[in-house]
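Engineer: Please read through the structure below; I'll follow up with questions.
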Amino acid sequence: MGRILAVDDELDMLALLKMIIEGYSDHQVTATNNPLEAAEFLGKDQFDLILTDLKMPGMDGMELLAAARKMDEDALVIVITAYGSLESAEEAMAQGAFDFITKPFRKEQILLAIDKAMRWREMVRQNKEMKKRLEGEKS
Amino acid sequence: MALGKLKKWLTGKRQLPGKPVSLAPPPALLERYRQYKRLLAANSAILTMVTDLQVKMNEGFLFDMHYVRSACQRLGQEVEAMVAALAAMSGGRYPGLEEARRRVEAKIVQELAGAPMRPGPLVLPLAEVREGQFFGAKAEKLGDLVRLGLPVPKGFAVSAYAQKLFFEQSGLEDFIREQIRRSHIRDLESLKEAGQDIRERVMAQELPPELSLALAQHLEPLGPRVAVRSSALQEDSLFSFAGQFETFLNVPREKVEESYKEVLASQFTPRVLYYCHTSGFAYQELAMGVAVMEMVEASSAGVLYTADPRQGGEAAIINAVCGLGSLAVGGVVEPDIYRVENEQIVARKVGEKTRMHLAAPEGGVLDLETPPERKGACLEESQVLTLHQLGATLEEHFGLPQDIEWAMDSQGRIYLLQARPLRISRQLKTEYLPPKLKDAEVLLEEGIIASRGAAAGPVYLLGEQGVQDVPQGAVLVTRQALPEYALAVGRVAAMVCETGSPTTHLATVLREAGVPAVFGAKDASHRLQPGALVTVDAYYGNVYAGKRQELLKPPPGDQVLRQSRAWKVLERVLKHITPLHLLDPRAESFRPENCTTYHDLTRFGHEKAMAELFQISARGPEEDGSRRLSSNLPLELFVIDLGGGLAPEAKNLAVVTPKHLRSRPFAAYWRGVEAAGWRGPRPVDLAGFMSVVMNAATDTNIRERLHEKNFAIIAADYLNLSNRLGFHFATIESFLGAPEESYASLTFYGGGAELERRRRRVRFLCKVLKRLEFQVELKRIPCPPASAAMMRQLWRRSWNSWEG
C-alpha cells in the first residue's frame, strides 16, 4: 500500500483518478485540484508517488515536478499530459519525471503505470539499504 | 465553328500564334472537385472522431470535461466544413442542411453547458422531491425512498435555486465574484482568505423573506430537533473531495437558518475558489440543495453496504456504533461489523467502541466515553436481518448495490438517512480470457473490431433478400458494410462483414446499439454456413463454432467511470452525434430537414456530394482545358485533368496518349478497354439498323448524344467518363481513395435501338453486374437524364440503367 498525491485542475479527472486508484488498488490517494496546495502537502507529508497534470493555471506540472524533486531527489512523478502535447511530456521526462501518460487513457494504463512506479520505488529503497549495509561492512 | 475547333484538336496543333488555348481545367470544375475533396476529408475526419468518442466512452477510458468539450468542438468544425463544401459544390442547393446543422449544434452546446437552473420551488416535502428539480442527489434519493414507502424520518428539502435566490438578492453573488477576482491564483493564502471572507459574508446575510417563511412552515410539523444535511448537485463526481460539506445533527428549530447558511458557506474552500478562478462561478456547479429531517434519537446507527465493497457478490456488510452514526465511519472508533449471506449472519465482530456521540440537550452533539453497559453488541440478530432486508429492497429497486446510512431509535425502529450507489472495487483482470480460446473451433480470425462485445446466434447470409428479412437473433453475414444494413440492427445478435472499417457509418451505428461486429473478415460468406450456430468474439476479432458461453458473460462493467460527470455528459452529447436516421438514400425521408444528428448530416452530405460530382459531366464540360487522348482504339475521347490525372510531362501537350495517364481509376479502366479491345460500332443487321435510324430520327436526345464528345474528367484518384461506344451511352464514375470513400459506378443510358432490344441488353447487363456484386437499380424514364438522382454508396459498386 502506498500514498499517492494526485493533482489535476480538472475536477472530473481528479475525482476519477481517486476513485479508480482507490477502487482497484490498495493505494491511498490525496487529491487536489490546486497545484499550490499540492506543493504545500509535499512539504508536510510523505508521498510514494505524485501524479500530476502538466497544464494547470497558477503553477504548472513542470514547476511542481521541480519542487518535488528539490524536496526529495528520489521523488517519483508521473505526469499526465493532454493528447497532442508529447513535447511537454518529453521535457518532463528530461526533468526527471518517472513516466508520463496521455489523456484520455484507459484505467489499466494508469494502474499499470502506478504499479511499475511502486515497484521501482521499492527497488530503489532496497538498493540504498544494501549499499548502506555494504558500506557499513567495509568500514 | 465547332467543327473547326475539332479539326484543330485532331491535328494536335492548338498552340496557334495569337490565340493560345488554355490547357488548364475550367476553374468552376476545378473548384467543385476541390470542394469535393474537402468534403471527403471532413467526412473521414468526422467518422474517425465519432469512432474515437464511442471508444472512449465504452472501453474503460478516463477523460474529463475538457476532452469532451474540445472533441465536440473539433467535430462541430468538421461538420460545418462539410456542409459548407456541399453548399459550394451544389450552388446552395440544400439550404435546409445548414439549418439542420445549426439545430444539432445548438443541442450539443446545450448538453455541454448543462441544464440551466430555472426558478422552481424553494422548499418541498421529501416525498415530492424528484430528479431534475435541483435539490441535489441526496435529497432526490431520499424522495425516492419516501415514495417507496421505506422508513425515512419526516423532512423536507431546500432547492439549490433557493441558494441562487439568496445569493442574488443579498449581493453575495457579486461579492463572491469580486473575491475570486481579487484573490491570487498563485497565492494559496489569498485563496484561503477569500474563502474565509465569503463564509463570513454568507453567515451575516439575512435569507430572503419567502425562503425564511417556507422554512418555518415546513419545520412546523417536524419534531423540535432536526438534522441539516448538504445535498450537492455534483455530489459524487465533482466537488466531493473539494470540501467535505457540512452536516449538522440535532439542530434546534431556531437555529435551522443558521445551519442552512453554514452548509452553503462550506462550499467555498480554497480548492473551489481556485477552480472558479479558471472556470468561473456557475450555479450549476456551485449551488446545493439541503435536506432537513427530523432527528432520530438513535440508540445505535451505522452504515449498510448491500454488497461487499471489496469483492462485490452476495454479501451485505453492516457496521454499527452506539448513539449517533457520526462515528460509524472515519476510524475513530471500532464499530461492530456483521456480515450477512443468504439471509444469515455469517460473521460478527463486536467493536471496541470506546466513544459515542449523543444528541446534546442544548442542541449539537455530545462526545462521550461509552459507558460499560453499552459496550456490547449494538444490534440483535433480528435487527441485523431487518436491516439486510431493507438494503435488499433498495438494491432491487435501484438495480445497483447501495451504500446506506441508517439509525435505530430506542424502540428498535429503523430509519434510512441516506442512500447512494456503492462503489465496488474489483481486482484488475479477474476475468482474463486469452485472445484465442483453447479447444474451440475457430471459423474466422483476425477480423477488425468494428463494435466490441460478443454474441452468439445462427448465421444468416445476406443474399438476394433484403435486410428486412433478417430473422431475430441472427448473426448477419454480409460482403460489404453498407449503411442501410443498419436497418437490421435492432434484430441481429452480431454482425460479420467481409469488408469495412471501424469508421464506417454502419460500425458507428452498431457501436451505438451495442451490437458486436467484426469487419474485414475475409471469406466470411463462404466459411460461415447459413443456419450454423456461431459465437462472434468482437473483443479479439474471431468467430467460433457453436455457443462459447465463457465469451458471452458481460465483462465487469466500469460503473465507477460511468458515475463521472464527463462520462454522463458525453453519453448525452452522443445522442445528438451518433444515431443515424437517414439510412436509405432512396427513401422519401432522405432530406436535409430530417437530419437530427451529426451522423445524419454527414451521411446526407456525402451522398449528395457524390451525386453533385457526378453532375459535372452531365452539364457538358467546356472545351477549355481538354486534351485529346490519342490511342489505337477508334475512340474520340477528350481528357480534362483536375490534378494528378496526367503525367507531369503532359503538362503542355494538347494531345496525350495512354502512357500519360496517371489517374488510377482511369488507368484501370483503360487497361480493361485495351485488353478487351474495341473495333468501333459493330455492323448491324437490317432490322437493327432500321431501329436505330428510326429512333434516332424521332428522338432528338439520341441525336444530340450522337454529336456529343466523349469526356473524361480525371484526377489522381477520380474518373468521370461520359462515353459513347457506337450507339451506347454510359457514364462511368469512380473515386479511389480510402476504402470507405471509394466507389465505382456505371450508368447505362440504353442505346439507339428500339425499346425491346434495349431492354434485352439492359437485362443482360443487369445479370452480369449483379454477379459482380454491383448494386443495380433499373429506372424507366422518358428521356436520358441530366439530373436524375444517382444511387451510390460507400465502397459500393453500383450500376444504374435507364431504359429510354
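Engineer: So which residues in segment A:38-54 are over 22 Å from B:GLU189 (Cα atoms) and free of Cβ contacts under 8 Å to residues at least 40 places away in the same chain?
Structural biologist: Hit for segment A:38-54 is A:LEU54, nothing else.
Engineer: Select from segment A:8-21 the residues that are more than 7 Å from every other protein chain (Cβ to nearest Cβ) and either of a type in the set (Gly, Ala, Ser) or under 19 Å from A:ARG119 (Cβ atoms) (or both) and list them in ascending order.
Structural biologist: A:ILE21
Engineer: If a residue has to be in contact (Cβ under 8 Å) with a residue 24 or more places away in the chain, under 23 Å from B:ALA744 (Cα atoms) and not charged (D, E, K, R) to count, how many in segment B:641-660 make the cut?
Structural biologist: Final tally of qualifying residues: 6.
Engineer: Kindly establish whether B:GLU80 is surrounded by fewer than 22 Cβ atoms within 10 Å (Cβ to Cβ), out of contact with any helix residue (DSSP H, G or I) (no Cβ under 6 Å at 6 or more places or on another chain) and in contact (Cβ under 8 Å) with a residue 40 or more places away in the chain.
Structural biologist: No; evaluated as a whole, the condition is false for this residue.
Engineer: Take B:PHE764 and decide whether it is aromatic (Phe, Trp, Tyr), modelled with pLDDT of 75 or more and surrounded by fewer than 17 Cβ atoms within 10 Å (Cβ to Cβ).
Structural biologist: yes
Engineer: Which members of segment A:61-71 meet the condition of being touching a helix residue (DSSP H, G or I) at 6+ places or on another chain (Cβ under 8 Å), free of Cβ contacts under 8 Å to residues at least 40 places away in the same chain and more than 14 Å from chain B (Cβ to nearest Cβ)?
Structural biologist: A:MET62, A:LEU65, A:ALA68, A:MET71 - these are the residues of segment A:61-71 that are touching a helix residue (DSSP H, G or I) at 6+ places or on another chain (Cβ under 8 Å), free of Cβ contacts under 8 Å to residues at least 40 places away in the same chain and more than 14 Å from chain B (Cβ to nearest Cβ).
Engineer: If you check B:ARG724 against the conditions, is it in a strand (DSSP E or B), among the charged types (D, E, K, R) and modelled with pLDDT under 75?
Structural biologist: On the way: in a strand (DSSP E or B): yes; among the charged types (D, E, K, R): yes; modelled with pLDDT under 75: yes.
The answer is yes for B:ARG724.
Engineer: Sticking with this structure for a sec: For segment A:76-86, which residues satisfy the criterion of being touching a residue at least 24 places away in the same chain (Cβ under 8 Å) and surrounded by fewer than 20 Cβ atoms within 10 Å (Cβ to Cβ)?
Structural biologist: Hits for segment A:76-86 are A:ALA82, A:SER85.
Engineer: Now for a different question. Looking at the structure I just gave you, is B:LEU112 within 14 Å of chain A (Cβ to nearest Cβ), closer than 27 Å to B:LEU165 by Cβ and either surrounded by fewer than 18 Cβ atoms within 10 Å (Cβ to Cβ) or of a type outside the set (D, E, K, R) (or both)?
Structural biologist: yes
So that you can scan it fast, the table gives a plain yes or no per residue for (1) in contact with a strand residue (DSSP E or B) (Cβ under 6 Å, 6 or more places away or on another chain); (2) within 22 Å of B:GLU395 (Cβ to Cβ); (3) surrounded by 17 or more Cβ atoms within 10 Å (Cβ to Cβ):
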| position | (1), (2), (3) |
| --- | --- |
| B:ALA316 | yes, yes, yes |
| B:ALA320 | yes, yes, yes |
| B:LEU324 | yes, no, yes |
| B:ALA328 | yes, yes, yes |
| B:GLU341 | no, yes, no |
| B:ARG348 | yes, yes, no |
| B:MET356 | yes, no, yes |
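Engineer: Look through B:ALA419, B:ALA456 and report the one residue that is away from chain A (no Cβ under 14 Å) and more than 30 Å from B:LEU148 (Cα to Cα).
Structural biologist: Sole residue among the options that is away from chain A (no Cβ under 14 Å) and more than 30 Å from B:LEU148 (Cα to Cα): B:ALA456.
Engineer: It is to be established whether one or more residues within segment A:107-122 are at pLDDT below 95, closer than 26 Å to B:ARG271 by Cα and surrounded by fewer than 17 Cβ atoms within 10 Å (Cβ to Cβ).
Structural biologist: no
Engineer: Turning to a different aspect of this structure: Name, by its number, the condition in (1) without any contact (Cβ under 8 Å) to a residue 60 or more places away in the chain; (2) over 30 Å from B:THR504 (Cα atoms) that does not hold for B:GLY625.
Structural biologist: All conditions pass for B:GLY625, except number (1).
Engineer: Specify the residue that is farthest from the other protein chains (Cβ to nearest Cβ); the eligible residues are those in segment B:274-294 that are assigned to a loop (DSSP other than H, G, I, E, B) and surrounded by fewer than 22 Cβ atoms within 10 Å (Cβ to Cβ).
Structural biologist: B:TYR283
Engineer: Which residue, of B:VAL68, B:VAL83, is more than 22 Å from B:ILE714 (Cβ to Cβ), within 14 Å of another protein chain (Cβ to nearest Cβ) and in a helix (DSSP H, G or I)?
Structural biologist: On inspection, the qualifying residue turns out to be B:VAL68.
Engineer: Right, A:GLY58: at positive phi and either in contact (Cβ under 8 Å) with a residue 60 or more places away in the chain or facing chain B (nearest Cβ under 8 Å) (or both) or not?
Structural biologist: So A:GLY58 passes the test.
Engineer: OK, next. What is the number of the single condition among (1) touching an Asp or Glu at 6+ places or on another chain (Cβ under 6 Å); (2) modelled with pLDDT of 95 or more that B:TYR260 does not meet?
Structural biologist: (1)
Engineer: Here are the criteria: (1) more than 15 Å from the chain's Cα centre (by Cα); (2) free of Cβ contacts under 8 Å to residues at least 24 places away in the same chain. Tell me which single one B:HIS606 does not satisfy.
Structural biologist: The single condition B:HIS606 does not satisfy is (2).
Engineer: Okay, moving on. Of the residues B:ARG310, B:ARG271, which is buried (at least 20 other Cβ atoms within 10 Å of the Cβ) and more than 21 Å from B:LEU122 (Cα to Cα)?
Structural biologist: Working: B:ARG310 fails: buried (at least 20 other Cβ atoms within 10 Å of the Cβ).
Among B:ARG310, B:ARG271, only B:ARG271 is buried (at least 20 other Cβ atoms within 10 Å of the Cβ) and more than 21 Å from B:LEU122 (Cα to Cα).
Engineer: Let me ask another. Just need a number here: residues in segment A:90-120 that are within 14 Å of another protein chain (Cβ to nearest Cβ) and charged (D, E, K, R).
Structural biologist: Here the count works out to 6.
Engineer: Go through segment A:67-111 and give me each residue that's within 28 Å of A:TYR24 (Cα to Cα), outside any helix (DSSP H, G or I) and charged (D, E, K, R).
Structural biologist: Passing the criteria: A:ASP72, A:ASP74, A:ASP99, A:LYS103, A:ARG106.
Engineer: Pick out the one residue from B:LEU75, B:LEU47 that is touching a His at 6+ places or on another chain (Cβ under 9 Å) and more than 14 Å from chain A (Cβ to nearest Cβ).
Structural biologist: Being touching a His at 6+ places or on another chain (Cβ under 9 Å) and more than 14 Å from chain A (Cβ to nearest Cβ) holds for just one of B:LEU75, B:LEU47, which is B:LEU47.
Engineer: Now, a different point. Tally up the residues in segment A:26-49 that are more than 7 Å from chain B (Cβ to nearest Cβ) and either assigned to a helix (DSSP H, G or I) or surrounded by 20 or more Cβ atoms within 10 Å (Cβ to Cβ) (or both), please. Show your work before the answer.
Structural biologist: Narrowing segment A:26-49 to residues more than 7 Å from chain B (Cβ to nearest Cβ): A:26-30, A:35, A:38-39, A:41-49.
Narrowing the set further to residues that are either assigned to a helix (DSSP H, G or I) or surrounded by 20 or more Cβ atoms within 10 Å (Cβ to Cβ) (or both) leaves A:29, A:35, A:38-39, A:41-44, A:47, A:49.
Matching residues across segment A:26-49 total 10.
Engineer: Answer with yes or no whether A:MET56 is in contact with a Pro (Cβ under 6 Å, 6 or more places away or on another chain) and at pLDDT below 90. Walk me through how you get there before you give the answer.
Structural biologist: Numbers: in contact with a Pro (Cβ under 6 Å, 6 or more places away or on another chain): yes; at pLDDT below 90: yes.
Yes.
Engineer: Can you say whether B:ALA474 is small (Gly, Ala, Ser) and touching a residue at least 24 places away in the same chain (Cβ under 8 Å), as far as the supplied structure shows? Break it down stepwise before answering.
Structural biologist: Numbers: small (Gly, Ala, Ser): yes; touching a residue at least 24 places away in the same chain (Cβ under 8 Å): no.
Judged against the criteria, B:ALA474 is not a match.
The values are calculated or read from the model by the stated rules, or taken from the named source; none is laboratory data. None of the values given here were measured: they were computed from a predicted structure. Here the Cβ is made from the backbone with ideal geometry for all residues, glycine too, and neighbour counts use every protein chain on show.
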